[in-house]
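The values are calculated or read from the model by the stated rules, or taken from the named source; none is laboratory data. Values in this document were obtained by computation on a predicted structure and should not be read as measured data. Here the Cβ positions follow ideal geometry from the backbone for every residue, glycine too, while neighbour counts run over all protein chains shown. Side chains included, ligands, DNA and RNA excluded: accessible areas come from the protein's heavy atoms. Shrake-Rupley method; radii C 1.70, N 1.55, O 1.52, S 1.80 Å.
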Amino acid sequence: MNTFTIDHDTKQITVEQTGQRHFNVKLPGRTMVLVLKQDNEGANHWFEDGSDNETEETKEIGLAIDNYLAKDDSLSDD
């Protein structure tokens, strides 16, 4: 499992990657389970587990996770 922190809502939050497309996001007062899905055009969408709607919150957190993972990948390509 990969554990890292991201900025969200002016706070550092911990994210634990539990699978290739599954993430536990530790928000104040609760843990959100996010799932990354791609549509038929290849665009990424972030859903709370058990939901079929991307919200503004899941989209923002998902983008921060995407950015972290992209940066992490570019560092390991050396």
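Taking amide hydrogens as modeled 1.01 Å from N in the peptide plane, which residues meet the under 5 Å criterion relative to residue 27, leaving out close sequence neighbours?
Long-range HN contacts for residue 27: 32.
For the chain, give the magnitude of the charge dipole about the Cα centre (Cβ charges: +1 Lys/Arg, -1 Asp/Glu; no others), in debye to the nearest 20.
Charge dipole of the chain: 320 debye, to the nearest 20.
Express the carbon and sulfur contribution to the solvent-accessible surface of the chain as a percent, rounded to the nearest whole number, probe 1.4 angstrom.
The computed percentage sits at 44.
For residue 38 and residue 1, what does the FRET efficiency come to when R0 = 25 Å and r is the distance between their Cβ atoms, rounded to the nearest 0.05?
Plugging the Cβ-Cβ distance into 1/(1 + (r/R0)^6) gives 0.70.
Please grab the % of Cα pairs in the chain that end up more than 17 Å from each other.
Roughly 43 percent, once rounded to a whole number.
Which loop GluC sites (Glu not before Pro) in region 1-77, with loop taken from DSSP, have no more than 14 other Cβ atoms within 10 angstrom of their Cβ?
Hits after loop and neighbour filter: 41.
How many Lys pairs in the chain lie less than 18 angstrom apart by Cα atoms, where the lysines are 8 or more positions apart or on different chains?
Lysine pairs satisfying the spacing and distance rule in the chain number 4.
Shape call for region 9-51 from the C-alpha gyration tensor, a ≥ b ≥ c root eigenvalues: rounded (a/c under 1.5), prolate (a/b greater than b/c) or oblate?
In terms of gyration-tensor shape, prolate.
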